[in-house]
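Undergrad: Structure provided below as structure tokens; questions to follow.
The values are calculated or read from the model by the stated rules, or taken from the named source; none is laboratory data. Note that this is a predicted model, so its numbers are computed, not measured. Using ideal geometry, Cβ is built from the backbone for each residue, glycine included, and neighbour counts are taken over all protein chains shown. What goes into the accessible areas is simple: the full protein's heavy atoms, side chains included, and nothing from ligands, DNA or RNA. Shrake-Rupley method; radii C 1.70, N 1.55, O 1.52, S 1.80 Å.
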Amino acid sequence: MITQLMVQPSSLISSGMKMSEFGDIYLFKFTDELQSRFEELLTKKKADSLTPEEEAEYVGISELQRIFTLINAQIAAKSKWCPNKLK
């Protein structure tokens, strides 16, 4: 197991999360500010220029993104909504 420092995803929720209506369900999404910060960090990561503090922030935001993806997939699966529903 590799130990890695990260910003706790839970610390990002209060200011970095919003609920977004999508059809008849609500999904978890990043605020515009957190999305922009994530994209900025991703660009720096691709250029291999993250500081250790930025790396910890990037890892925390990435983990929160994975959590939101899992929760949103479960919400969509439990709903009667389907984006490709035939008429």
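Undergrad: With a sphere of radius 12 Å drawn around the Cβ of Ile61, what net charge do the other residues whose Cβ falls strictly inside it have (Lys, Arg +1; Asp, Glu -1)?
TA: Computed value for this residue: -4.
Undergrad: Fully extended, how many nm does the chain gain between Leu70 and Lys44 (0.36 nm per residue separation, minus their Cα-Cα distance)?
TA: 6.8 nm
Undergrad: How many Å² of accessible area per residue for the chain, probe 1.4 Å?
TA: Accessible area per residue: 75 Å².
Undergrad: Taking percent of Cα pairs over 20 Å apart straight from the coordinates, which label in (i) 53; (ii) 44; (iii) 31 is the correct one?
TA: (ii)
Undergrad: For the stretch 19-75, which whole percent of the accessible surface, found with a 1.4 angstrom probe, sits on carbon and sulfur atoms?
TA: Summing carbon and sulfur atoms, their accessible area is 55 percent of the total for the stretch 19-75.
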